[in-house]
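For reference, the structure discussed in these notes is given below.
The values are calculated or read from the model by the stated rules, or taken from the named source; none is laboratory data. On a predicted model such as this, the values are computed, not experimentally measured, just so you know. Methodologically, a virtual Cβ is constructed for each residue, glycine included, from the backbone with ideal geometry; neighbour enumeration extends over all protein chains shown. Accessible surface is based on the protein model in full, side chains and every heavy atom, while ligands, DNA and RNA are left aside. Shrake-Rupley method; radii C 1.70, N 1.55, O 1.52, S 1.80 Å.
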Amino acid sequence: MDTMNARMARFVRSLTRFRRLQPRVGHFHSVVVRLSRGRIKRSVLLAGGQPVLVLTTTGRRSGRPRSTVVAYIRHGRSYASAGLNLGSDRDPAWALNLRAQPRAQIEIGGRRIAVTAREAHGVEAEALWARFIERLPLIAASRELAQREAPMFVWDPEGAAVG
C-alpha cells in the first residue's frame with residue numbers, strides 16, 4: 001500500500017468514529033445535490049471528486065425513506081457503488097437497507113430513477129472494484145483498512161435487462 005494513500009485512508013477512516021454525525025452529513029449532502037437539480041455532479045468533500053448520485057433506500061427498521069450521496073460508476077445501463085463506508089469495519093447503512101429491501105431510487109443529473117439493487121459477486125465485483133480503484137487509488141487503501149469484505153452494489157433501472 002502506497003504510504004501517502006495509506007495515511008490519507010487512515011485519516012478518512014478516523015472520521016467514521018462520528019457514527020451519529022455521518023448519516024446527518026450524508027442526508028444534508030443529498031439535499032444539496034438534489035436542490036442543484038443535476039448541476040452538482042461530483043463531490044470533492046465526500047467522494048474525492050468522483051461523480052455522485054443521491055441514493056434513497058427504505059430504512060430496514062423504520063420503513064422510512066433514507067437518502068445519502070454515494071460515488072458511482074456506470075455499469076452498462078446500470079450504476080454501481082462500493083459499500084466502503086470510508087474504510088470503516090462496518091457496512092454503510094444504505095447497504096444494510098438494500099439487503100433488506102432492494103428496491104430504491106437514485107437521482108442523477110436531475111432525474112429520478114427507480115432501481116433494483118443487487119450485490120455483485122466474483123468476477124463482476126472484482127472488475128467493478130478495479131474500475132473504482134483506477135479512478136481513485138485511495139479507495140484501495142481504504143478497502144484494505146476496512147478489514148472486511150466491502151460489498152459492491154449494482155443498481156439496475158427497473159425494466160432494464162439485468163446483466
Is the shape of region 58-163 best called rounded, prolate or oblate, per the rule: a/c under 1.5 gives rounded, else a/b larger than b/c gives prolate, else oblate, with a ≥ b ≥ c the square roots of the Cα gyration tensor eigenvalues? oblate
Under unit Cβ charges (Lys, Arg +1; Asp, Glu -1), what dipole magnitude, rounded to 20 debye, does region 86-138 have relative to its Cα centre? 300
Fully extended, how many nm does the chain gain between R99 and A114 (0.36 nm per residue separation, minus their Cα-Cα distance)? 3.8 nm
Accessible surface, per residue, of region 106-162 when the full set of protein chains is kept, probe 1.4 Å, Å²: 50
How would you classify region 99-141 from its alpha-carbon gyration tensor, with a ≥ b ≥ c the square roots of the eigenvalues: rounded for a/c under 1.5, else prolate if a/b is greater than b/c, otherwise oblate? oblate
Dmax and Rg, reported as Rg then Dmax, of region 111-163 (C-alpha, Å): 13.0, 37
